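These notes concern the structure reproduced below.
The values are calculated or read from the model by the stated rules, or taken from the named source; none is laboratory data. If you're wondering where the values come from, they're calculated on a predicted model, not measured in any experiment. All Cβ positions, glycine included, derive from the backbone under ideal geometry; neighbour counts span all protein chains shown. Just so you know, the surface numbers come from the protein's heavy atoms only, side chains and all, with ligands and any DNA or RNA stripped out. Shrake-Rupley method; radii C 1.70, N 1.55, O 1.52, S 1.80 Å.
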Amino acid sequence: MATSTGYGPSDTNWRSIHFNGLAESYNMWEVRFLNYLYTLDPALQKAILPAEPGVKDDADYDIKNKRAFAEMVQRLDERSLHLVVTDANNNARGSLNILRNYYASSEKPRILTLYEELTTLRMNADEDVTDYIIRAE
């Protein structure tokens, strides 16, 4: 077993990069995940980010994109994984776009999802009113 130097990814690092499926956690998760990819290989991070106008992808883009996807799916909750596997299987760039649109968007589908969560919110039996209001906010 290799000894950790404190630099780069380690076996215990992945737990802090796991996405829990909560929209309020998405932005921080994305920052951690993109930087985790960079520590593995800067080309992995480049492969997952949207292409810059006028700049061609690297020759090994397909391999890097699939590897970034493999890293991503290991760090997603079941709901998020279902979203990306259904519409962008083996495509890290497409998956990141789907996740951004779903969790960080202010467009109509995101607003409808938030509305649904709010209208189905119920107070738990062991919860006081203050905790319920905080959860609703």
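One table, with the values for the structure above:
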| item | result |
| --- | --- |
| Given (1) surrounded by 13 or more Cβ atoms within 10 Å (Cβ to Cβ); (2) modelled with pLDDT of 85 or more; (3) of a type outside the set (S, T, N, Q), index of the condition MET123 fails | (2) |
| Qualifying positions in the range 5-25 - at pLDDT 90 or above and either more than 13 Å from the chain's Cα centre (by Cα) or closer than 12 Å to TYR103 by Cα (or both) | PHE19, ASN20 |
| Check on LEU112, of a type in the set (A, V, I, L, M, F, W, C), part of a helix (DSSP H, G or I) and modelled with pLDDT under 85 | yes |
| Residue selected from the range 34-52 under the condition small (Gly, Ala, Ser) and in a helix (DSSP H, G or I), by the criterion least open to solvent (accessible area, probe 1.4 Å) | ALA47 |
